[in-house]
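Quick note: the coordinates plus some simple rules give every number you see, no bench work behind them. No experiment lies behind these values; they were computed from the predicted model shown. Methodologically, a virtual Cβ is constructed for each residue, glycine included, from the backbone with ideal geometry; neighbour enumeration extends over all protein chains shown.
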Amino acid sequence: MSLLISVIIPTFNSERYLPACLNSIIDQVDKNIEVVVVNDGSTDSSGDIADNYAIQHNFIKVIHQSNQGVSAARNRAIRECIGSYLVFLDSDDLLYKDFFKKILELIQSNPDILEINADLIDKVGEVSYEKFFLFDNDIDIINSTDAAKLRLSKQAKYYLWSRIIKKEMVSHLYFDEKISFCEDALYLTECYCRAEKIIKIDESLYGYRQHDNNVTRVKSIYNINQLTELCYIVKRRIDDSQDKKYKTLFLSLWINMVHLRKSMYVLEFKEISTDEVTLHQIRGIKNDYKWSFFKLRDRISWLRRFSIELPKTSNTLILLKYYTRTHSLQILNKIKYLYSQRMN
């Protein structure tokens, strides 16, 4: 039998958590599984740890490369793995017991994407929050059109590790290596554009570890700028496409990225002093916010066309109104303050 599942693990300076990550696989390994670890130029012992595991277990393959970022590491693994389905595992996270047993059962029905639930775990691996996602039913089988509507009517989550993806469906689809923050959101949206059958199972099969070094927990001007670039990319794809499902899925992504960016603005401005922000940055953030605000306002009427098929009290419309009213005041007031300080 050919390999059914390829587990892709990019690692960079993860020596503290990598052994637990690999052990969570070894404890339940199946003959139809391969593990591809990409050591992305680690300066700690992560590469040696991965090599030692590969010596002891022939289903583990280790690739070493210079530091090129998580997107490049995942792309390298995608090109070299041979499984029918892809599992993206972060090197500080865990696969729960019976993960493979459950997944192997579910993929027998040939889904394009399999969505699972997950627990949040702390630094020592203890569960801090059960079932991170809210599912409507224990198990759902939906088509791509329904998936697009759901992602637009609810606040979608873009966590790559909570999806198992059919490799054949994403042939020649790779991560954008120019984007290093929320790059998985862009990739996942492309996956949903191609998917025809999605299975959602409300069972925690994954442990997502939260700690201070998580990239998604780092709030910085660099990450805000990355989100700005991502918003422009998504906006262009919305405008350039004539496909309704494609537009719907990318609109959902765009709304989420705008909301996240505004939240990061507020968090960032609470912690920085005027000396740490240049006048150029202040003007850039001001102009960027004005762009997102007016585009968001314009898209409300555009979104209403889709709302004919959605509940009239769509959560998305409520969120749009909330963010345009509340966050606009928070951000613009802070920008005005910083700007006035610079001009004095």
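Tabulated results
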{"item": "Full-extension gain in nm, Asn137 to Arg194, via 0.36 nm per residue minus C-alpha separation", "result": "18.1 nm"}
{"item": "Inter-label distance for Ala20 and Tyr129, nm, one decimal - labels placed 7 Å from Cα along Cα-to-Cβ", "result": "1.8 nm"}
{"item": "Which of Trp161, Trp254 has the fewest Cβ neighbours within 10 Å, and the rest in rising order", "result": "Trp161, Trp254"}
{"item": "Ranked Thr228, Thr11, criterion: other C-beta atoms within 10 Å, fewest first", "result": "Thr228, Thr11"}
{"item": "Label-point separation, His172 to Ala54 (7 Å along Cα→Cβ), nm", "result": "2.9 nm"}
{"item": "Nearest-20 debye value, segment 5-214 charge dipole, Cβ charges on Lys, Arg, Asp, Glu", "result": "500 debye"}
{"item": "Exposure proxy ranking, count of Cβ atoms within 10 Å, fewest first, for Asp184, Asp40, Asp136, Asp51", "result": "Asp136, Asp51, Asp184, Asp40"}
{"item": "Label-point gap, in nm, between Val29 and Ser109 - each point 7 angstrom along Cα→Cβ", "result": "3.0 nm"}
